[in-house]
Amino acid sequence: MRKPVSRVLVINDETLILREFVKGLNAAARSLDNPLGLTFTGVTTASEALAAIESDGDVQAAIVDDKLYSLDGGKSKRLQMTALELVQRITRMRPELDVYILIAQEHEDEVVDTLFAEAVDGYFYREERDYRGMYRILNAEIQERARTPFYDQLKNYVWMAKDSWHTPGHSSGESLRASPWINDFYEFMGEHVFDVDLSVSVPVLDSLMEPRGVIAEAQGMAAQAFGSRRTFFATNGTSTANKVIFQTLLAPGEKLLLDRNCHKSVHHGVVLSGAHPVYLNSSVNRKYGLYGPVPKKVILEAIEANKDAEALILTSCTYDGLRYDLPPIVAAAHAAGIKVIIDEAWYGFARFHPAFRPTALEAGADYATQSTHKVMSAFSQASMIHVNDPTFNEHIFRENFNMHTSTSPQYAMIASLDVARKQMMMEGYKLLARTLALANELREQINSTGVFRVLDLDELLPEDVRHDGIRLDPTKVTVDISRCGCTVEDLQRELFTRFNIQVEKSTFNTVTLLLTVGTTRSKVSRLYDALMRIAREGRAARRLVQFPDVPDFTRLRCLPRDAYYCGGEAVPLLDPKENPNKALAERVCADQIVPYPPGIPVLVPGQVITRPILDFLVGLLRSQKRLELHGIVYDGYAPCLRVLKSSEERGLRRLA
Ligand SMILES: Cc1ncc(COP(=O)(O)O)c(C=O)c1O
């Protein structure tokens, strides 16, 4: 097993004292138990300190002497900063680090008061020279951050090998291991998959529904790591996390401002909560078929026009890596008393490298939902809900959380959240720095093919969000494929079958690649090699068929929930002559109709159907492209829409 390295940086501008400290601390590390590989190294100036912390991902802690620091080795007085300013710069860059201050005993009172207002973890007296004592404290603190309370307890429990007289029925895999029919599944999955598949019948493993033990502890550590007041582990993905928050914040009929391009779980959450949705139209980049963020102007105007709204939800960053300039949006929403929820399904790692910050919470959001599994080391479905809402109603939240949570959650998933948090705390900065470097390399390599081209922020941004301060997450790489001589479907098939490469998503002329903390240089090389080979084959250009624009939102006749729960009737999309069925125009849809891709609902429950929408849907059904059309009902072979009967419509409260 590879052993970790934990570097501690000592910053003191007096070279002799610095040398003495580094020597003393390293001697203590050598002579005492040192499982995390602590080593001490020294610098004398603030700029060296900041450079070391920026370039060395193994730095886990810093000890700053309480002095004035020069940024340039003391050449200019103007560039000096206090130790406290240096601490602030360090924690702004790497909030996960432990930071200590060395002080003179006689200055204790004045320094300590200031320190506690800042992100300083403690202080040592300079004169004591108690290197072994300092080492023990630093080692304990770093070990504390590296703890995984839930995972540790789970492992201990497995090693205790208790006889199981409880669920699950496979009883640590016994029912499979002995079976001639399904023992191959046991062998393939591995014994621990079954060993850790335990249940709430084991009290030492705590309860996800009412955490008071190791789950509560693990969630508390995650809150600290991700910068929230409270964090909750969700084992049904961000899809459920969004719904839990909606049901907490919104009573039926209360207004929610939402990007029309939000994930479908958000639209499902509207139905479940009974919210009155106010849809904000996303920007569209027609050239590449990409749906982008909602223009800032549209959001601010919607806030102004809907001050009675309870909440606003936006996705940041989007699937393609576009992230909002959130602080002014959050400020405007808060000024109107509107809570802000940010769906950070694709952006959970952002806290751990300054290139990605501010995070939604740092920008002031009340809630952030993150699919830890999408971009960090957790199992699928493992997500986190982070809460910074100053008026958080924990009781209501808990009721809703429990309503959506299985009473038999997967313990491996909870453990993977604990472990993913540890990893981000201990090596997130280093891994993200590597991922960013690989993303840069990949961009250059793809562009060097002369055929494939990575789109930069300017090309990705739709015209109407060009001046909104939107930034690009460089780990999402969108590639223009229009000159490679393949349709996007052919290219994806070829990458998969000939080169063993599966990409994340596509539009008619782009593919998007997702780099994560698990991306390796060899994977980058293999992708480059595949694209270069295809590029060199010099295939003749193909005509690429553009996806038609999703029609504009029409209007809501009633609340989505009211429409959804009507029985309705299925009316065919096509008339007997195979034309769009005019009888559907002006009817009210009962389902959510979503072509995938791009995943934006063309109709939501309660929405009035119009001719352009019918033409659009029929056009999609007739197209030869492989496309899913969620929400269509089939009567035999006839595609239909479920719409409200007129008697049902009459019985519902009309919105428009
Ligand atoms: C923006 C967004 N939010 C939420 C989700 C749902 O996340 P999960 O897969 O964790 O349920 C997705 C999934 O793709 C998504 O793209």
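The values are calculated or read from the model by the stated rules, or taken from the named source; none is laboratory data. This one's a predicted model, so the numbers in the text were calculated from it and none came from an experiment. As a convention, Cβ positions derive from the backbone with ideal geometry for all residues, glycine included, and neighbour counts pool all protein chains shown. Note: accessible area is taken over every heavy atom of the protein model, side chains too, but ligands, DNA and RNA are not part of it. Shrake-Rupley method; radii C 1.70, N 1.55, O 1.52, S 1.80 Å.
Helical runs (DSSP H, four residues minimum) scored at -39500 (n - 2.57) apiece and divided by the length of the chain put the mean residue ellipticity at 222 nm at -11500 deg cm²/dmol. Taken over segment 610-656, the alpha-carbon convex hull comes to 114 cubic angstrom per residue.
Computed 3J(HN,Hα) for segment 37-43, one whole-Hz value per residue from the Karplus formula 6.51 cos²θ - 1.76 cosθ + 1.60 where θ = phi - 60°, is x, 5, 9, 10, 9, x, 9, glycine and proline marked x. Rolling a 1.4 Å probe over the protein heavy atoms gives segment 200-425 an accessible area of 32 Å² per residue. The three principal axes of the Cα atoms in the chain give end-to-end lengths of 92, 63, 58 Å, sorted in falling order. Computed from point charges on the beta carbon alone (+1 for Lys and Arg, -1 for Asp and Glu), the dipole magnitude for the chain about its Cα centre is near 2160 Debye.
Regarding segment 307-366, what's the average projected area of the Cα-atom convex hull, expressed in nm²?
If I average the Cα hull's projected area over directions, I get 3.8 nm².
A quarter of the convex hull surface defined by the alpha-carbon atoms of segment 546-637 gives 6.0 nm² as the mean projection.
Put a dot 7 Å past the Cα of D184, heading toward its Cβ, do the same for D152, and the two dots end up 4.1 nm apart. The apolar share of the surface of the chain, taken as the fraction of accessible area on carbon and sulfur atoms (1.4 Å probe, ligands and nucleic acids excluded), comes to 51 percent. Less than 5 angstrom separates the built amide H of R453 from those of D480, all sequence-distant by 5 or more or on a different chain. State whether segment 428-536 is rounded, prolate or oblate according to the following rule on the C-alpha gyration tensor (a ≥ b ≥ c being the square roots of its eigenvalues): a/c under 1.5 gives rounded; otherwise a/b larger than b/c gives prolate, and the remaining case gives oblate. In terms of gyration-tensor shape, oblate.
Rounded to the nearest 5, the antiparallel percentage of DSSP beta bridges internal to the chain is 50%. Here's the picture: charge each Lys and Arg Cβ at +1 and each Asp and Glu Cβ at -1 in the chain, and of G173, Q607, G364 the one pushed furthest to the positive end of that dipole is Q607.
The residues of segment 428-536 expose on average 43 square angstrom of accessible surface per residue, using a 1.4 Å probe on protein heavy atoms.
State the Cα centre-to-centre distance between segment 476-501 and segment 87-101 in whole Å. A separation of 43 Å, based on Cα centres.
Around the amide H of V511, modelled in the peptide plane, lie the amide H atoms of V479, I481, all under 5 Å away and 5 or more residues distant in sequence or on another chain. Can you bin segment 323-418 into rounded, prolate or oblate? Criterion: square roots of the alpha carbon gyration tensor eigenvalues sorted a ≥ b ≥ c, rounded for a/c under 1.5, prolate for a/b above b/c, oblate for the rest. Because a/c hits 1.5 or more and a/b fails to exceed b/c, segment 323-418 counts as oblate. Scanning residues 5 or more positions from V10 or on other chains, those with amide H under 5 Å from its amide H are T41, G42, V43, I63, with H placed 1.01 Å from N in the peptide plane.
Loop exposure criterion: GluC sites (Glu not before Pro), DSSP state outside H, G, I, E and B, at most 14 other Cβ atoms within 10 Å. Applied to the chain, the longest stretch between such sites is 129-536. How far, in nm, would the chain grow between E127 and R466 when pulled straight, counting 0.36 nm per residue and subtracting the alpha carbon separation? Full extension from E127 to R466 adds 116.4 nm.
What the Cβ-Cβ distance of E54 and Q546 gives, at R0 = 51 Å and to the nearest 0.05, is a FRET efficiency of 0.70. Ordering I613, I182 by accessible surface, largest first, gives I182, I613; the 1.4 Å probe counts only protein heavy atoms, with every chain in place. Rounded to the nearest 0.05, the FRET efficiency derived from the C-beta distance between R398 and R611 at R0 = 35 Å is 0.15.
Sequentially through segment 131-141, phi angles give Karplus couplings (6.51, -1.76, 1.60; θ = phi - 60°) of 5, 5, x, 4, 4, 4, 5, 5, 4, 5, 5 Hz, Gly and Pro residues having no value and appearing as x.
3J(HN,Hα) along segment 477-483, derived from phi through the Karplus expression 6.51 cos²θ - 1.76 cosθ + 1.60 where θ = phi - 60°, amounts to 10, 9, 10, 6, 10, 5, 9 Hz, with x in place of Gly and Pro.
Probing with 1.4 Å while keeping every protein chain in the model, the per residue accessible area of segment 1-62 equals 48 Å². For the chain, the longest principal axis of the C-alpha atoms and the axis of helix 411-448 are separated by about 80°. Hydrodynamic estimate: the Kirkwood radius of segment 262-371 over Cα pairs, inserted into Stokes-Einstein at 10 °C and 1.306 mPa s, corresponds to D of 110 µm²/s. Segment 308-342 and segment 191-240 have Cα centres spaced 28 Å apart. Compared with the dominant Cα axis of the chain, that is its longest principal axis, helix 264-273 is turned about 80°. Extension gain, R230 to R357, is 43.8 nm, computed as 0.36 nm per intervening residue step minus the present C-alpha separation.
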